[in-house]
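Since every read-out is calculated from the coordinates, none of them should be taken as a lab result. Just so it is clear, the model here is predicted, and its values are computed rather than measured. Note that we place each Cβ from the backbone using ideal geometry, even for glycine, and neighbour counts take in every protein chain shown.
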Amino acid sequence: MNEPLADAVLEIPASELQHFFNDLISTFNSLNDLLRDNAILRGKELAELNTRANQAVKAAQSPIEKLLVLNAFIRQQIGHVGRALQARLPTTPTDQGVIRQAITKVALRAQAIVEHVKTIAEGKKEVAFNSSQTRDFLAGREGKPPSRRDTIRALKRAENICPALACKPTPGDGRQTMRLTARAEDLKDTSFVEESVHRANRQRSRMEEIRMIFFKEGVF
């Protein structure tokens, strides 16, 4: 009669556990990129998730427990993605007729803002585009104005993808109205850049720290 699996004692080489843990790290990092790039979790929320994962893996007492803890955080990431997919709006055609998912709505707004600012900058030395103007612009595209928070998110994303733009409060405005500013000359021939590269690198560094903790000498 075969021994039940639950009672079996398995001898697993450390190298195989390391390979499995490396795969989990890669999965965690890929999901981090997905959460960030699609604005599902960004900034403080994403940093807090990474900090919790780091601390939990450090606190785990055994290699298997560390694997289970990291896998639990991966399941959390998948949960965030699933809820975002359920909440997304129907797909809509862009100006070029390409269908894009509403899950990238912040990014699409930012790209539209950048192109609009380039248009209104023509023939000028400098250009400014504040949050009130942004809400009106987006309302014309989407049928209703976005919230102030979503407007600010779109302005900051526009700054991130277009280096020529600066997103700062309007000087002398007691309400601290945010606005994008740029020299018209700097907007010429600009292209979108990958957002949050440094932040992504910091997150990956945290996970590399987990990797070293997991496989430090004597852990097995």
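Miscellaneous remarks
- In terms of packing, defined here as the mean over residues of other Cβ atoms within 10 angstrom, the peptides 136-143, 178-185, 23-30 line up highest first as 178-185, 23-30, 136-143.
- Placing dummy labels 7 Å off each Cα toward the beta-carbon, the span from Glu142 to Glu11 is 6.1 nm.
- J(HN,Hα) series, segment 175-184, from Karplus relation 6.51 cos²θ - 1.76 cosθ + 1.60, nearest Hz, glycine and proline x: 7, 6, 4, 6, 8, 9, 9, 6, 7, 4
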